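The values are calculated or read from the model by the stated rules, or taken from the named source; none is laboratory data. These numbers were taken from a predicted model, which means no experiment stands behind them. We place every Cβ from the backbone using ideal geometry, glycine too, and count neighbours over all the protein chains shown. Calculation scope for accessible area: heavy atoms of the full protein, side chains included, ligands and nucleic acids excluded. Shrake-Rupley method; radii C 1.70, N 1.55, O 1.52, S 1.80 Å.
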Amino acid sequence: MTENTSFDVDPLVENVSPEPAVVVIAGDYLNKLTGEKIERECKDKLDAGAREIVVDFSQTEIINSIGISILLGVIDNAQMAGAKVVFSDLKPESAELFDMLGLTKHVTLQ
Amino acid sequence: MIEQSPKLIHAFGALAELGQEVANKNNFQETIRTSLHLLSGALGIMRGGVARYSRYAREMNMLAIRGLGDEFPLSLSVCVEDERQFLTNGLNAIDAHAARVLPFFQVYAASFERRHIELFIPLIIRDEIVGGLFLGEKATGEPYSSYEKEIICAMGRHIGVAISQRNLLAEIERHSEENRRLFEDLRRTYADTVKAFATAIDCKDKYTEGHSVRVGKYTELIARELEWSPEQIEGAATAGYLHDVGKLTVERKIINAPYRINAKESAELNKHPSVGYEILQAIHHPFTDVPLAAKYHHERLDGRGYPDGLYDREIPYIAKVVNLADSFDAMTTDRPYKARRAAIDVVDDLRRNAGKQFAPELVIAFLRGVLRELKSETKDRRFRRLLGREYMEAEGLAPAITGALNELAPTSSLTYIAARSGSE
């Protein structure tokens with residue numbers, strides 16, 4: 001079953017995973033302080049039993065340091081909960097940055 | 001090792017953003033939270049915190065944390081030895097494992113280990129510890145390079161400046177608040193002293209007990225009606241309270257004479273405005289017109305007043321206000337040789353003497369104030385409290401005031417009030 005977050009959620013992923021999964025569309029929202037909401041929502045879903053967080057970057061052009069920090073928070077929370085983090089539709093330059101900063105060591109790229 | 005240029009560009013981007021964030025003077029808490037994000041995101045740091053140092057409590061108090069969990073202390077004590085070492089170290093990264101000789105790293109060793117704190121950076125601005133950065137492991141799992149430590153220190157300097165600015169602002173606010181309180185205390189003391197003086201003046205005259213206090217209050221009411229500023233209203237009230245201070249030097253038997261005093265006694269009594277001026281001039285008042293009000297409150301617009309027989313524009317405005325308040329109280333209180341006059345008669349007297357004894361615009365303001373209270377257009381019942389309910393409810397008082405107002409200012413909006421009252 002796929003749980004919806006209160007922001008952007010891809011309805012197509014419903015029932016794809018046997019474990020409860022949450023899909024987050026990063027958008028541009030991630031790069032601001034208000035992006036902390038994503039982290040909080042993901043934490044709430046993890047606390048509620050979600051075992052997979054899928055972050056969809058298909059609408060994200062650039063990721064700045066605030067965005068990276070928020071994603072690190074999502075990864076940290078997921079690791080503490082024993083859940084998996086998947087980054088999907090990542091632009092090559094973003095993938096390169098994530099690789100350089102070590103984020104890709106903790107997530108699955110899709 | 002030469003760092004990869006994309007990593008360098010990314011880190012410098014974060015540094016530039018941080019500089020902008022600090023310069024923007026946004027909400028302080030948000031600035032600190034953003035700063036921690038930028039620092040973590042610049043180098044891929046999994047967890048960390050920004051603390052503000054209280055040198056009085058010798059504590060590092062966390063302002064923002066990320067990934068440190070609920071068990072990490074939010075307030076960390078710093079001893080004298082730690083403080084000395086931090087100052088010696090300057091704004092440079094300290095390896096938390098290598099610094100175990102310091103009490104700070106011994107006391108919190110368990111917490112640091114549990115949350116993988118690898119670096120501590122004391123934020124030192126102008127030779128003062130203003131805070132500290134606590135940084136955990138990098139997402140790469142690799143140790144911090146010297147280049148990364150330099151980036152962290154550069155960003156730490158920005159955060160330190162933000163904290164220092166906030167401390168400075170808080171200190172200015174604290175001093176400003178302290179000054180405001182001191183000023184308020186002084187102001188209250190001055191006001192109390194003025195009232196005490198007014199009571200002392202009134203004690204000398206058993207027949208006009210409370211006269212100075214009432215004149216102070218009437219003067220204040222006129223000033224309010226004229227829409228003066230709070231400071232001007234306070235000054236006007238003070239002038240009213242102290243207008244008769246010169247009477248302190250007049251013989252009690254003259255002041256309390258239960259008969260019309262003779263010419264000699266009158267001359268003695270009439271010295272009180274000038275004497276009052278001399279007394280008040282020696283005092284440094286926050287309101288400069290107070291001595292002038294005492295000196296000229298018996299002057300008349302037609303030049304028939306005393307002590308100098310000044311005409312209209314020669315008379316200080318505050319003295320005109322006090323004169324009206326003084327005369328009104330004299331007419332509306334019992335004197336040993338004269339009973340108080342009926343309210344309607346007083347209104348008529350004010351109307352007739354506007355332009356002769358009293359400034360017309362002041363009579364208008366005063367009567368307008370009474371009328372507004374009679375029509376319950378004001379919440380407070382100041383005139384009622386000073387004159388008594390029965391006096392204020394005298395039959396025909398409101399129409400008499402309306403008539404006087406129309407006569408004094410026939411083209412003013414008060415004509416409308418009269419027309420409306422007449423049609424009702």
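At a 10 angstrom cut-off on C-beta neighbours, averaged per residue, how do the peptides B:260-268, B:158-166 rank from highest to lowest?
Numbers: B:260-268: 12.0, B:158-166: 22.3.
Packing order, densest peptide first, comes out as B:158-166, B:260-268.
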Quiz item: Got the relative contact order for region B:284-390 handy, in percent, Cα pairs under 8 Å and 6 or more residues apart?
Solution: 20
Quiz prompt | Surface share of carbon and sulfur [accessible, 1.4 angstrom probe, percent] for region B:5-173 | solution = 51
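Kirkwood-based Rg over Rh for the protein assembly as shown (C-alpha set), two decimals? Before the final figure, lay out the partial values.
Numbers: Rg = 39.1 Å, Rh = 30.0 Å.
Rounded to two decimals, Rg/Rh equals 1.30.
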Practice problem: Give the Rg (one decimal place) followed by the Dmax (whole number) of region B:361-401, computed from C-alpha coordinates and expressed in Å. | Solution: 9.7, 27
Exercise. Quick one: compute the contact order of chain B, relative version, from alpha carbon pairs under 8 angstrom and 6+ residues apart, as a percent.
Key: 9
Quiz item: What angle, in degrees between 0 and 90 and rounded to the nearest 10, separates the Cα long axis of helix B:211-225 from the longest principal axis of the Cα atoms of chain B?
Solution: 70
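Restricting to the protein assembly as shown, what percent of DSSP beta bridges are antiparallel, rounded to 5? It would help to have the intermediate numbers written out before the result.
Numbers: 27 of 42 bridges.
If I count the DSSP bridges inside the protein assembly as shown, around 65 percent turn out antiparallel.
For region B:5-173, what ratio Rg/Rh do Cα atoms give with a Kirkwood hydrodynamic radius? Present the calculation step by step, with values, prior to reporting the outcome.
On the way: Rg = 14.9 Å, Rh = 15.9 Å.
So for region B:5-173, dividing Rg by the Kirkwood Rh gives 0.94.
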Quiz item: Hey, can you list the residues from region A:65-106 whose accessible area shrinks by 50 Å² or more with all protein chains present, relative to the chain by itself (probe 1.4 Å, no ligands or nucleic acids)?
Solution: A:S65, A:I66, A:S69, A:L72, A:D76, A:M100, A:L101
Exercise. Express in % the proportion of alpha carbon pairs of region B:204-423 at distances exceeding 30 Å.
Key: 22
Exercise. Can you work out the PRE-style zone for B:E71? Point 7 Å along Cα to Cβ, and I want the residues of region A:71-105 with backbone N under 11 Å.
Key: none
Practice problem: Report, to the nearest whole %, how much of the accessible area of region B:206-291 belongs to carbon and sulfur atoms, 1.4 Å probe, protein only. | Solution: 52
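Tell me, what is the per residue accessible area of the protein assembly as shown in Å², probe radius 1.4 Å? Show your work: numbers first, answer last.
Working: 26140 Å² over 534 residues.
On a per-residue basis, 49 Å².
Where does chain B land on Rg(C-alpha)/(2.2 N^0.38 Å)?
Details: Rg = 36.6 Å, N = 424, 2.2 N^0.38 = 21.9 Å.
Dividing the Cα radius of gyration by 2.2 N^0.38 Å gives 1.67.
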Quiz item: Given a 1.4 Å probe and the protein chains all in place, what does the accessible area of B:F383 round to, in Å² to the nearest 10?
Solution: 10
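Any number yet on Rg/Rh for region B:277-345, C-alpha, Kirkwood?
On the way: Rg = 13.9 Å, Rh = 13.2 Å.
Here Rg/Rh amounts to 1.06.
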Practice problem: Any chance you could check the Cα centroid distance between region B:102-180 and region B:232-297 for me, in angstrom? | Solution: 66
Quiz item: How much accessible area is lost when chains A and B come together, counting both sides, with a 1.4 Å probe, in Å² rounded to the nearest 100?
Solution: 1900
Practice problem: Determine the shielding of peptide B:35-43 by partner chains: average, over its residues, the number of Cβ atoms on other chains within 10 angstrom of each Cβ. | Solution: 6
Self-check item: Hull shadow area, averaged, region B:110-166 [alpha-carbon convex hull, nm²]
Solution: 4.6
Quiz item: What residue among B:A398, A:F87, A:G27 has its Cα farthest toward the positive end of the dipole of the protein assembly as shown, where the charges are +1 on Lys, Arg and -1 on Asp, Glu, each on the Cβ?
Solution: B:A398
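Could you pull out the chymotrypsin sites (Phe, Trp or Tyr not before Pro) across region B:240-296 that fall in loop regions by DSSP (anything but H, G, I, E, B) with no more than 16 other Cβ atoms inside 10 Å? Before the final figure, lay out the partial values.
Working: sites: B:Y241, B:Y259, B:Y277, B:F287, B:Y296; in loops: B:Y259, B:F287.
Here the chymotrypsin sites (Phe, Trp or Tyr not before Pro) that fit, given the DSSP loop and packing criteria, are B:Y259.
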Quiz prompt | Amide H contacts of B:K138 (H built 1.01 Å from N, under 5 Å, at least 5 apart or other chain) | solution = B:M46
Quiz item: When the accessible area of each residue in region B:123-143 is compared between its chain alone and the complete protein assembly (1.4 Å probe; ligands, DNA and RNA ignored), which residues differ by at least 20 Å², being lower in the assembly?
Solution: B:A139, B:T140
Quiz item: Any idea which of B:G160, B:F105, B:V213 is furthest toward the positive side of the dipole for the protein assembly as shown, if Lys and Arg beta-carbons carry +1 and Asp and Glu beta-carbons -1?
Solution: B:V213
Quiz prompt | Kirkwood Rh (inverse of mean 1/r, distinct Cα pairs), region B:161-216, angstrom | solution = 14.2
Quiz prompt | Restricting region B:364-393 to GluC sites (Glu not before Pro) in coil, as DSSP defines it, with at most 11 other Cβ within 10 Å | solution = B:E377
Exercise. Taking chain B as the reference, fit the longest principal axis to its C-alpha atoms, fit the long axis of helix B:317-332 to the helix C-alpha atoms, and give the angle between the two in degrees, 0 to 90, nearest 10.
Key: 60
